[in-house]
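A short worksheet on the structure shown next.
Just so it is clear, none of the values below were taken in a lab; they were calculated from the coordinates. Keep in mind that this is a model prediction, so the values were computed, not measured. Don't worry about glycine lacking a Cβ; one is built from the backbone with ideal geometry, like all the others, and counts go over all protein chains shown.
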Amino acid sequence: MDFLKSGLKTVLGAPEPGQQPTGAETVERLVERVNSSTLLDDRRDACRALKALSRKYRIEVGAQGMSALIQVLQMDRADCEIISYALDTLCQIVTPEQFDEEADNPTVSVNVGEQFTEMFLKNSENVTLVLGYLEEYDFRVRWSAIKLLTTLLANKTKDIQEIVLVSPMAVSKLMDLLIDSREVIRNDALLLLIQLTKGNANIQKIVAFENAFDRLFDVVRDEGCSDGGIIVEDCLILMLNLLKNNSSNQQFFKEGSYIQRLAPMFTIAPETEENGWTPQKVSNMHCMLQVVRALVSPSNQLQIISSCQKTMRTCGLLEALCNMLMGSGVPADILTETINTVGEVIRGDLSNQEYLSTVMAPSNPPRPAIVVLLMSMVNEKQPLSLRCAVLYCFQCFQYRNEVGQASLVQTLLPSSSEVSSLTAGQLLCGGLFSTDSLANWLSAVALMHALIENPAQKEQLLRVLLATSVGSPPVSLLQQCTTLLQQSNYKLQSKVGILMLLSTWLSHCQVCVKAFLSTPSSVAYLIAQVSANEHDENEYLIQGLCSFLMGICIQFNDNSLQNNKREDLCQLIVKRIGLEMFTAKLGDVSKHEAYSRAAKQPQIRAKSASELLLDYEFCKLFKALESVITKTVNGYDVNGPNLTELTLSSEASDLVSQYKDIIREQDNKMNDMKQKIAALEVQNETIQRQLTDALTANSQLTDQNILLKAQLTAAAGAGAAAASASAEPEPANPTTSEPHVALNTQISFYQSENARLLEEIEALKISLHDKSRNSSSVVEEFEHLKKDQEDLLELLTDQEKKILKYKQILQNLGENVDTEDELDDEDFMERRETTSTSLTSTDDHPRSES
Amino acid sequence: MSYAYLFKYIIIGDTGVGKSCLLLQFTDKRFQPVHDLTIGVEFGARMITIDGKQIKLQIWDTAGQEAFRSITRSYYRGAAGALLVYDITRRETFNHLTTWLEDARQHSNSNMVIMLIGNKSDLDSRREVKKEEGEAFAREHGLVFMETSARTAANVEEAFINTAKEIYEKIQEGVFDINNEANGIKIGQQHSPTNPSLPGAGNQGGSTSSGCC
Ligand SMILES: Nc1nc2c(ncn2[C@@H]2O[C@H](COP(=O)(O)OP(=O)(O)O)[C@@H](O)[C@H]2O)c(=O)[nH]1
Ligand SMILES: [Mg+2]
C-alpha cells in the first residue's frame, strides 16, 4: 500500500493538505493523464496506477478509462511495459469474479465484468488489437494478452469466436504459443485454446489444421504421458474438444496416424499396479479414454467409426484396453470407463468382437473376460455404473454379431449343459431368477440382445429348458418367463425387462409367437394387464408393454392355433379392452420418460437403479412396430374381420396399394386427356364452321368479281367507242369516264379484299391442320395410357395369382387360409371392377368400405 | 503408414464447381452426383508415389460461399499446395478466379504451388470457357493448368499428383524451408527411398500407373 501511495504521489503530485481526493477523482485525473500527457513515462506511470486501482475502483476505471486504455494499445505499441499495464487493467475490469476489494461496494453488480466485456467488444478491432499482441515476444505483453483473451472468452465465447474466425492469422498465432519455451505461456495458451474451441467446429478444424495434434502429443510425451501433471490433462481436454462431433477432424486424426500415438499411452507400467494411481493419473486416463470414445462413438459417421475401430485393433490399442480391463489395481471409475470404451471400440466390428471373446481373465481357473464381466453385472455388490457399463459392453459385443449371439445361446442348449465351467448363458439365466431386481433387468436385456435381428437364435432359444427344482420336470425358458411375469414378488423393473425380452423374442418370428400363445395363461395374463385400471406411471408402462406384446402376437401370428388366430385375438381386444383403449395404452410406452431417456443413445446411463426401465434397441423395435400393430388391430371391427388388405401379408398389401396408386394416377391422367379432347373437338367445330363461312363469302366475292370484270369489259368497250368518236376523250366524255374510274377503284378494292380473304383461308387451314394433329397426338397418348393400364392390370393379376399360389402352398403345408382365399378373390374382382368403371366415370372409387 | 513427405493441400473456388467431388474422386475413386454443400471444411487423405518416394497428401476441402471466405483464409498459410477450381460450364466461376488468386496470394506463403483446374470437362457441349482461356490465365499468373472431370475421373489423379511433383521439385531445389511446418510440408520419420515391402494402402491409389512420372 505504501508503494501505491508513493506511486500515486509521483503521478498526481502531493495532495492538497487536508483534502483527500475520492477514488473517482483520482481515477479521473489518471485517465486524463493517460489521454493527454505527451510524455511516455507519465502515461506509463498513470497506467500502472490505474492497474493498481482497478480492483477497488473497477467501475470508475472501466467507465472512464476504457477508451484511454484502448488508445494506449493503439499508440504505445513500442513500450512493452505500458502495454502490459493496459492489458492487465482491461483484464481486471472485465473479470467475471468479484474482487475482495469490492466486496463492500454496493454499486458493483454481479455481472459488471460482463458489461465491460460487452463495451469492449462493441468494436471488434479491439479484439484484433489484443490478438496482435500475442505476436509480441516480451513475456509481460504476451502473457497479459493471453489472460485478457481468456477472460473475454469466458464472458462472451460466441462473439470472440466469430472475431477470431475472421482474423486470418489469429489461430496460427495462438498455435505458435504452444511451442513457447516459457511454460507459463504455453500452459495458459492451452487454457485459452480450450475455451476458444468449445462448440465451434470451424475453429476446431483450423486448430487441427495448424498441427494441433502434433503439438499436443509432443507436450503430452514431454510431460510423461498419463503420469504427467495437469498440463497433460489440459492437452487431452483440448484434443477432446477438437474431436467431439467433428467428423472432419476425426478423419484427420485417423489419417494422421494419431491413434497409433495414443495406443502406447494405455500401457500400465508395473510400478503403477503396485503403487496405485495418483488422482492426476486417474484424471489423465479418464481423458484419454474420452478421446478414444470420441472417435468411435455410435453417433459418429459409420465409415469413420469402422476405420478407427480397425486401426485401434491393428495398432494394439484394443489389446491395451483389454489388459487394463483384466489388470489389477485399476480404480473403479477408470475400470467402468474402460469397459464402456472397449464396448464402443468393438461395437459392430466382427474382428474386434471376436478379439474380445478370446480375451481370458488371469483368474483361477482362467475364465473368458466376458464371463468375468457378466459375473460383475449380476453381482448386487458391484456399483451401479460398473454394472451398466458391463451391460453396454455386452450389448456392443452382441451388436451385429451373429457368431457371438449364437455362441451365447449355445451355452444354454441341452447339449452343453454337461459342461462344468460357468458360462455366459448360465450367468444370465441365473440373473433372471435372482432376487435382485436390477440383476433381473440387466440379464433380461443382455439376453434380449442375443436375439436382435437373428431369427435363428430366436428359434434356438425356444429349446432352452430349465431345471426349476429337484424332482419336477424341466420347463422351457419361455414358459418360465411367462411364469415370472405373473409372480407377485417379481418387481416392476424385472417385469419390464422380461416384457422387452419377450417382445424382441417374438417379433418377426411366427414359431415363437405360436410357442408363446401355447403357453398356458399367457394370453389371459396380457389381457388382464392391458385391461387393468391402475393409475401409476409405471403401471401404465407395464400395461403398454403388454399391449405391445399382444400386438406382436397378432402381427406375427400364423393363424395355426385354434382360438388364438389373429381374428380371435383382435376380437378379444375389441371386446375386453376396446380398440381406442388398446391404442392409447400402446402409446403410453413412448410417452414414458424412460423411453426418451433410453432412445437417446445406446449407452446405458442411470443415476439410480430405478431409472433403468427401457432399452435403446427395444425403443427402436417399438418405434418400428407401433404403427404397424395399430393398423393391423384397427383393421378388425366389432362385426368380425373386415375385408381389407390387412388380411394380406404386409408385402402383398404394399404391392396392391402401390398398384392402386398407379391406377388411380393413370385414371386421373386419362380424365384430363378426355377433357382436353372434348375441348379440342369443340374448337375444331368452330373453326370448321368459320372456314365454311369464309369459303361461302369467298365464292360470293369471286362471283361478284367476275360480274364486275364483265361490267368493266363492257364499259371499256363503250369507252373505246366513245374515244374513237372524239379526239379529246376525257373532257369530251366526262359522263362515261366518271363511272369508269369509280368501277376501277371498286375492282381494286374487291381484289385486295379477295386476296386478304384468301390469306385468311390459308391461315385457317393451317390452324385446322395443327389442331387436328394435336388432337391425334392426344388420342395417341390416350391409347398409350390405356395400354399401360392394361399391362398393369395384367401384372396385378399375376401378382394376385402368385399370392393365391402361395396361399395354396401354405394350405398344402397345412396352414388354414380358406377364408382369406375367398376374400382375396373377392377383393381382386372388386378391384378389377373399380378400374374398369373408372375408365368411364370420374368417380374413381365406387367401392364402399363397410 | 510411413511416408517420406507429407503435403497439405487446400481446394478452393466458387461453390458448385466440383471441389468436394474432386476430393472424393481422388480419395475414394467414386463420384457422387448429389453432394452436400460443404459447410466449413472437410478432410481427406491419400498416399501417392513420386520419384519412388511415398508422399502423403492431406487435403482440406473448403466451402466456396462468401460467408465462409474468412474461414478459408485461415488455411492458406499452412498449405503447400492449392487447387483453384472453376467450372468450364459457368463463366462466372472463371471470372472470379482473380479474386480467389488475390486472396490466396495475400494469405499464403509465397511458395505455395497453385494448380488451376477447369472442372467438368465431360460437359463439353455446355462449355462456356475455352480451354485456351484457362491456359492463358494460368500462363499469365504463373499457375499450372489442367482440365478435369470429377465425374469421369479424367485428369483427377494427374491434377493432385502434378501439384505434388511441383512441390517436390521445389523441395529438391531448396526453395521450401521443409523444417518450417507452417509451409504445409512435413518430413516423414522414414526418409529413405521407398521400402518396397510397404503395404498397399498407399499404392492402391494407382498413382504409379497414372503415367505422369
Ligand atoms: N458433370 C459433372 N458434374 C460435376 C463434376 N464435378 C462436380 N459435378 C457436379 O457439380 C455439383 C457441385 O459439386 P460439388 O463437388 O458439391 O461442388 P463444390 O461446391 O465445389 O464442392 C454436383 O452436383 C456435382 O455432381 C464433373 O466433373 N462433371
Ligand atoms: Mg463442397
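Taking a ≥ b ≥ c as the square roots of the Cα gyration tensor eigenvalues, the stretch A:20-100 comes out oblate, since a/c reaches at least 1.5 and a/b does not exceed b/c.
Would you work out if the stretch A:200-358 is rounded, prolate or oblate? Take a ≥ b ≥ c from the square roots of the eigenvalues of the alpha-carbon gyration tensor; rounded if a/c is under 1.5, else prolate when a/b is larger than b/c, oblate otherwise.
On the way: a/c = 1.92, a/b = 1.12, b/c = 1.71.
Oblate, since a/c reaches 1.5 and b/c is not below a/b.
From its DSSP helices (H runs of at least four residues, each -39,500 (n - 2.57)), chain A gives a residue-normalised ellipticity at 222 nm of -23500 deg cm²/dmol. Taking other residues whose beta carbon is less than 11 angstrom from the beta carbon of A:Gln64, and scoring Lys, Arg as +1 and Asp, Glu as -1, yields -3. The H on the amide N of B:Val144, modeled in the peptide plane, is under 5 Å from the matching H of B:Ile114, B:Leu116, each at least 5 residues off or on a different chain.
With the Cα gyration tensor of the stretch B:5-187 giving a ≥ b ≥ c as the square roots of its eigenvalues, does the rule (a/c under 1.5 for rounded; else a/b larger than b/c for prolate; else oblate) give rounded, prolate or oblate? Let's see the in-between values first.
Values: a/c = 1.43, a/b = 1.36, b/c = 1.05.
Rounded.
Output the antiparallel fraction of DSSP beta bridges having both residues in the stretch B:5-187, as a percent to the nearest 5. Present the calculation step by step, with values, prior to reporting the outcome.
On the way: 13 of 35 bridges.
Bridges in the stretch B:5-187 are about 35 percent antiparallel.
Sites listed here are GluC sites (Glu not before Pro) in the stretch A:351-435 whose DSSP assignment is loop and whose Cβ has at most 12 other Cβ atoms within 10 Å: A:Glu380. The distance between label points at A:Val475 and A:Glu354 comes to 4.0 nm (points 7 Å beyond Cα on the Cα→Cβ vector).
For A:Lys623, the lysines whose Cα falls under 24 Å of its own Cα, not counting residues fewer than eight places away in the same chain, are A:Lys458, A:Lys495, A:Lys514, A:Lys585, A:Lys591, A:Lys600, A:Lys631.
What is the gain in length, in nm to one decimal, between A:Ser67 and A:Glu273 on full extension, counting 0.36 nm per residue of separation less the C-alpha to C-alpha distance?
Values: separation 206, 0.36 × 206 = 74.16 nm, distance 5.84 nm.
Result for the pair: 68.3 nm of gain on full extension.
Could you let me know the centre-to-centre spacing of the stretch A:521-595 and the stretch A:366-427, using Cα atoms, in angstrom? First find each Cα centre; the distance between them is then 32 Å. For the stretch A:200-358, the Cβ-based charge dipole about the Cα centre amounts to some 600 debye (Lys, Arg positive; Asp, Glu negative; other atoms uncharged).
Counting other C-beta atoms within 10 Å, which of A:His449, A:His592, A:His784 has the fewest, and how do the rest follow? Let's see the in-between values first.
On the way: A:His449 25, A:His592 19, A:His784 10.
Going from sparsest to densest Cβ surroundings: A:His784, A:His592, A:His449.
The Cβ shell under 12 Å around A:Glu118 holds other residues with a net charge of 0, Lys and Arg each +1, Asp and Glu each -1. Couplings 3J(HN,Hα) of the stretch A:112-117, computed from phi: 4, x, 5, 5, 5, 4 Hz, in residue order, whole Hz [Karplus 6.51 cos²θ - 1.76 cosθ + 1.60, θ = phi - 60°; x for Gly and Pro]. Computed as a quarter of the hull surface, the mean projected area of the alpha carbon convex hull for the stretch A:478-560 stands at 4.9 nm². Of the Cα atoms belonging to the stretch A:314-432, the radius of gyration and Dmax stand at 13.8, 40 Å. Placing one equal scatterer on every Cα of the protein assembly as shown and applying the Debye formula, the log10 ratio I(q)/I(0) at q = 0.05, 0.10 Å⁻¹ is -0.57, -1.27.
A simple spin-label model places the labels of A:Val779 and A:Leu804 3.7 nm from each other, with each point 7 Å out along Cα-to-Cβ.
Around the amide H of B:Asn109, modelled in the peptide plane, lie the amide H atoms of B:Ala79, all under 5 Å away and 5 or more residues distant in sequence or on another chain. Electrostatic bookkeeping for B:Gly188 treats Lys and Arg as +1 and Asp and Glu as -1; over the other residues with beta carbon under 10 Å from its beta carbon, the sum is +3.
Put in line by how crowded their Cβ is, counting other Cβ atoms within 10 Å and starting with the fewest, A:Thr519, A:Thr632 read A:Thr519, A:Thr632. Placing +1 on the Cβ of every Lys and Arg and -1 on the Cβ of every Asp and Glu, with no other charges, gives the protein assembly as shown a dipole of roughly 2560 debye about its Cα centre.
Rounded to whole Å, the principal axis extents of the Cα atoms in the stretch A:1-196 read 55, 36, 29, largest first. Distance from the alpha carbon centroid of the stretch A:249-305 to that of the stretch A:783-800 works out to 62 angstrom. Annotation: amide H of A:Met360 within the under-5 Å range of A:Ala369, sequence separation 5 or more or interchain, hydrogens built in the peptide plane. The distance from the alpha carbon centre of the stretch A:81-99 to that of the stretch A:689-710 is 106 Å, rounded to a whole number.
At a Förster radius of 51 Å, what calculated FRET efficiency corresponds to the Cβ-Cβ distance of B:Glu128 and A:Asn812, to the nearest 0.05? After rounding to 0.05, the efficiency reads 0.15.
On full extension of the chain, what length is gained from A:Ala679 through A:Ala524, given 0.36 nm per residue of separation minus the C-alpha to C-alpha distance? It would help to have the intermediate numbers written out before the result.
On the way: separation 155, 0.36 × 155 = 55.80 nm, distance 6.61 nm.
Computed gain between A:Ala679 and A:Ala524 is 49.2 nm.
Between A:Ser299 and A:Asp703, the distance separating the two model label sites (each 7 Å from Cα on the Cα→Cβ line) works out to 9.4 nm.
When the Cα positions of A:Gln115, A:Ala46, A:Asn126 are compared along the charge dipole of the stretch A:1-196, A:Asn126 comes out farthest toward the positive end, with charges on each C-beta of Lys, Arg, Asp and Glu. Which residues among the stretch A:333-354 fall inside the zone where the amide N is under 18 Å from a point 7 Å beyond the Cα of A:Ser376, along Cα→Cβ? In the stretch A:333-354, the label zone of A:Ser376 (backbone N under 18 Å from the point 7 Å along Cα→Cβ) covers A:333-347.
Simple point charges give the picture: +1 on the Cβ of Lys and Arg, -1 on the Cβ of Asp and Glu, and for the stretch A:422-648 a dipole about the Cα centre of about 260 debye. Projecting the Cα atoms of A:His286, A:Phe516, A:Gln811 onto the charge dipole of the protein assembly as shown (Cβ charges, centred on the Cα centre) puts A:His286 farthest toward the positive pole.
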